[in-house]
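These notes are about the structure you will find just below.
The values are calculated or read from the model by the stated rules, or taken from the named source; none is laboratory data. Keep in mind the model is a prediction, meaning the values are calculated, not measured. Counting neighbours? That spans all protein chains shown, and the Cβs are built from the backbone with ideal geometry, glycine included. Protein only, heavy atoms only, side chains kept; ligands, DNA and RNA dropped before computing areas. Shrake-Rupley method; radii C 1.70, N 1.55, O 1.52, S 1.80 Å.
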Amino acid sequence: MNDLEERLRAAFDARARTFETSPDAWLRTRERRPRRYRALRLAAAALPVALLAVFVPVLLDGGLGRNTAADTDAVYQQLMRDRTPAGEQVSVDNPTEGKPLRLWFAKAGSGHPELCFVLERAGAQADGNCSAVTEETGSEAWFAGSTLRGGAETAMDWGVAVRDVGGITGVAKDGQRFPGTLLRPAGAPYAIWTVTYPARHAMSAIELADGEGRAIGSSPRALMEGQEAGEDLGPSLELPGGVTAHARRSAQVTTILWTRQGAHLVSSAAELNEPVSAMRGGDAIVGLARENVAKVGFVFADGTTAETEATPDPWNLGLRVFAAAATGLRGRFTTIAYDVSGAEIWRDEGAENLPPVGEVMTVPGTEGSGEPVRAWFARITMKGGRGDAITLCRSHHLGGTVCSGDRLERPFSAYKTIGYLPEPGTVTYLGVAREEWKSVTAVLSDGRRVEAAFLRGAGTPAPIWHLTIPNGGVTVAGFTVRPQDGPLERHPEPDRTCGRRAVSVERQPLAAGVSAAVAEPSCLAFFFEGGQVDTSMFGPLPGGKLSDLLGAGQPVRWGRGTSTWYGYAPAGTARVELVTSNGLTGTAEAVPDRFGQGVTLFAAPIPEGGELSAGMVIKGFDAGGRQLWKY
């Protein structure tokens, strides 16, 4: 797994590591997949209940299909009932519907920023939505939504960018590029970008530029879509509340994905152990049912009810698919299945799926935020007699529960939670601590070190580590772990501003049109012909070197572009040899870096037809041809 895959794993993990209902459906999906694919497939869990959005459908003129200003204003008023505007609104032309799309930022009650929209439709109801702005790992811009739908000739994607970004370009899967537009609403905490493109040219990413038009990074659309392996089984299925269901089949599993306006809500394996599997997906409840279920109802603790029809799936899977609006409804709920006659045929009282194992711990240092961070371990009972899994859960800054979904055996992980009130707020990191660790230390972007504290609750299967810093300009560049025995471990965090800083420093030319740059405090960037840049490879920790990130278990760090592979290796490496997973060989010359990092840098074309996937091997040789390392 290269650094890009590690960072995509972290990004998907942050977006998709929470489940309220049927959590083992996600783990069952993960366990069936080869390890390599997990890096890109962690979207197979429900989004955090903390990320609940408010979705407001409005019937238009008694269903006559005429949108009026009053309709969209009513949507806006309902959305802003418990929110404060954060800047001016903007209105952009929606090429799919031929009607305006209104976008603006708001501040929710807990202080976190949200992006809101009201989307008018041609001959249908208006949609409105507010969702938390969750800054994606390692990027300065993120996808938020899309007008793309079946039958559309032209579509528009939109998203959020930090205000310093100077330009956006959309990149289609076939390589075509489409200019974007940046809007900077007065008083808003972020900029808004849009890209319009022919619907037949599916977007895959956006590229970012600084104010001088120089490339500074990119962001994949997969983080919004909920990327899943395999092929589409057929056309998508439109469900109530603007929700769309999609089916994909791979060699390992068939998966159902639910989306709204292009944004992923939740994914699940297309199988059932009970008559109904219901999951939170944003502000909706979505799921699957057996063929004899005609309608699904939900009853919340406060007596509020919701129900929806279960629609036969169009992919011949022998299932029914459903979605129901659950605006503002939180907590557990009872699920009821009805047959075609209206008779109740099954009921699930919504017992807690993730009971704590041991004490629920309040993280010290977060008590003054109004909503202290709490952490606990939970046991997930796996189906089919495959035992239990223990996972780390925590309260989320947006109000809800986030569970890692990882077994305790996973190596070092740092989970981040932001508290926005009182301003400027705090940033808390925590994770599972191993018994053999002596210390965990955060390395800040200004070079300072902050040592984490350890906490073990009564009856918990492991201790946790935690630390809290002010929310502001200084960020965590990475962590070090000191074990009882063995070398110091270093775990960099992504540096989203890397491209902006690296574009202005001197570069070292390499082969195949590639060049490299190192910029303080923790940035490594590779540039390519055409101006593109890759900042996904971890740079040195402040005060350290790239050589610190190499060792016996990780003798090389590498990445790949469209037609090149590149990276860095230990000093003394003169040649790097790549054997692809389909048996082709490529060779790269390695040269000492000019930045005092104690490594050699290399780049070369990918062998024509070469597959860089599971089974590939990378070797390093000295100038005399002696093999130094193998990975």
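Of the residues making up segment 580-619, those that are in contact with a Ser or Thr (Cβ under 7 Å, 6 or more places away or on another chain), surrounded by 19 or more Cβ atoms within 10 Å (Cβ to Cβ) and of a type in the set (Gly, Ala, Ser) are Ala590, Ala603, Ala604, Gly610. On inspection, Phe528 passes the criterion of being more than 26 Å from Asp446 (Cβ to Cβ) and either within 26 Å of the chain's Cα centre (by Cα) or surrounded by 19 or more Cβ atoms within 10 Å (Cβ to Cβ) (or both).
Given segment 171-256, what strands (runs of 3 or more DSSP E) lie entirely inside it while holding 2 or more residues that are among the hydroxyl-bearing types (Ser, Thr, Tyr)?
Output list reads 191-198, 215-220.
Look at Met203 and say whether it is over 13 Å from Trp142 (Cβ atoms) and under 20 Å from the mean Cα position of the chain (by Cα). Spelling it out, Met203 is indeed over 13 Å from Trp142 (Cβ atoms) and under 20 Å from the mean Cα position of the chain (by Cα).
Checked across segment 157-168, the condition of being touching a Ser or Thr at 6+ places or on another chain (Cβ under 7 Å), assigned to a strand (DSSP E or B) and either open to solvent by 20 Å² or more (accessible area, probe 1.4 Å) or closer than 21 Å to Glu212 by Cα (or both) holds for no residue. Annotation note: of Gly553, Gly559, Gly539, the sole residue that is open to solvent by 10 Å² or more (accessible area, probe 1.4 Å) and of a type outside the set (A, V, I, L, M, F, W, C) is Gly553.
Restricting Ser250, Ser267 to residues that are open to solvent by less than 10 Å² (accessible area, probe 1.4 Å), modelled with pLDDT under 90 and of a type in the set (Ser, Thr, Tyr) narrows the list to Ser267.
Take the conditions under 28 Å from the mean Cα position of the chain (by Cα), crowded, with 17+ Cβ neighbours inside 10 Å and in a loop (DSSP other than H, G, I, E, B) and apply them to Gly87. Does it pass?
Yes, satisfied.
Just wondering, is there one or more residues in segment 538-545 that are of a type in the set (A, V, I, L, M) and within 20 Å of Ala590 (Cα to Cα)? Checking segment 538-545: not a single residue is of a type in the set (A, V, I, L, M) and within 20 Å of Ala590 (Cα to Cα). In this structure, is Glu135 outside any strand (DSSP E or B) and either closer than 24 Å to Asp71 by Cβ or without any contact (Cβ under 8 Å) to a residue 40 or more places away in the chain (or both)? No; evaluated as a whole, the condition is false for this residue. Could you figure out which of (1) open to solvent by less than 20 Å² (accessible area, probe 1.4 Å); (2) in a strand (DSSP E or B) isn't true of Glu307? Of everything listed in (1) open to solvent by less than 20 Å² (accessible area, probe 1.4 Å); (2) in a strand (DSSP E or B), Glu307 misses just condition (1).
A search for C-beta distances below 6 Å between a residue of segment 405-434 that is closer than 19 Å to Arg490 by Cβ and any residue that is open to solvent by 70 Å² or more (accessible area, probe 1.4 Å) and not aromatic (Phe, Trp, Tyr), counting only pairs 6+ apart in sequence or on different chains, returns Tyr429/Lys416.
Scanning segment 118-141 for residues that are closer than 12 Å to Ile192 by Cα and either of a type in the set (D, E, K, R) or open to solvent by less than 10 Å² (accessible area, probe 1.4 Å) (or both) returns Glu140, Ala141.
Residues in segment 529-547 that are among the charged types (D, E, K, R) and at pLDDT 95 or above: Lys545 only.
Would you be able to say whether some residue in segment 335-356 is within 17 Å of Leu455 (Cβ to Cβ) and either modelled with pLDDT under 90 or buried (at least 16 other Cβ atoms within 10 Å of the Cβ) (or both)? Looking through segment 335-356, at least one residue is within 17 Å of Leu455 (Cβ to Cβ) and either modelled with pLDDT under 90 or buried (at least 16 other Cβ atoms within 10 Å of the Cβ) (or both).
Among the residues of segment 470-489, the one identified as in contact with an Asp or Glu (Cβ under 7 Å, 6 or more places away or on another chain), among the polar types (S, T, N, Q) and either in a loop (DSSP other than H, G, I, E, B) or open to solvent by 50 Å² or more (accessible area, probe 1.4 Å) (or both) is Gln484. In segment 522-546, the residues that are farther than 21 Å from Pro592 by Cβ and hydroxyl-bearing (Ser, Thr, Tyr) reach residues that are at pLDDT below 90 and open to solvent by 30 Å² or more (accessible area, probe 1.4 Å) with C-beta atoms within less than 6 angstrom, at least six apart or across chains, in these pairs: Ser536/Leu4. The number of residues in segment 94-111 being under 17 Å from Asp127 (Cβ atoms) and either under 27 Å from the mean Cα position of the chain (by Cα) or touching a residue at least 40 places away in the same chain (Cβ under 8 Å) (or both) comes to 9. May I ask you to verify whether Gly111 is more than 17 Å from Asp157 (Cβ to Cβ), at pLDDT 90 or above and surrounded by fewer than 22 Cβ atoms within 10 Å (Cβ to Cβ)? So Gly111 does not fit the description; no. Can Val505 be described as more than 24 Å from the chain's Cα centre (by Cα), of a type in the set (Val, Ile, Thr), within 21 Å of Phe602 (Cα to Cα) and open to solvent by 30 Å² or more (accessible area, probe 1.4 Å)? Spelling it out, Val505 is indeed more than 24 Å from the chain's Cα centre (by Cα), of a type in the set (Val, Ile, Thr), within 21 Å of Phe602 (Cα to Cα) and open to solvent by 30 Å² or more (accessible area, probe 1.4 Å). For segment 565-577, a residue qualifies if it is of a type outside the set (D, E, K, R) and either assigned to a loop (DSSP other than H, G, I, E, B) or over 15 Å from Gln508 (Cβ atoms) (or both), and the qualifying residues are Trp565, Pro570, Ala571, Gly572, Thr573, Ala574, Val576. If the condition is being closer than 18 Å to Gly180 by Cβ, part of a loop (DSSP other than H, G, I, E, B) and not β-branched (Val, Ile, Thr), then segment 90-132 contributes only Pro95. If you go through segment 578-622 and pick out every residue that is free of Cβ contacts under 8 Å to residues at least 40 places away in the same chain, of a type in the set (A, V, I, L, M) and part of a strand (DSSP E or B), you end up with 2. In the condition set (1) within 20 Å of Thr562 (Cα to Cα); (2) open to solvent by 20 Å² or more (accessible area, probe 1.4 Å), Ala172 is compliant with all but (2).
Selection of first residues in segment 175-195 that are without any contact (Cβ under 8 Å) to a residue 12 or more places away in the chain and over 15 Å from Ala155 (Cβ atoms) and of second residues that are in a strand (DSSP E or B) and open to solvent by 50 Å² or more (accessible area, probe 1.4 Å), restricted to Cβ pairs under 7 Å at least 6 apart or on distinct chains, gives an empty result.
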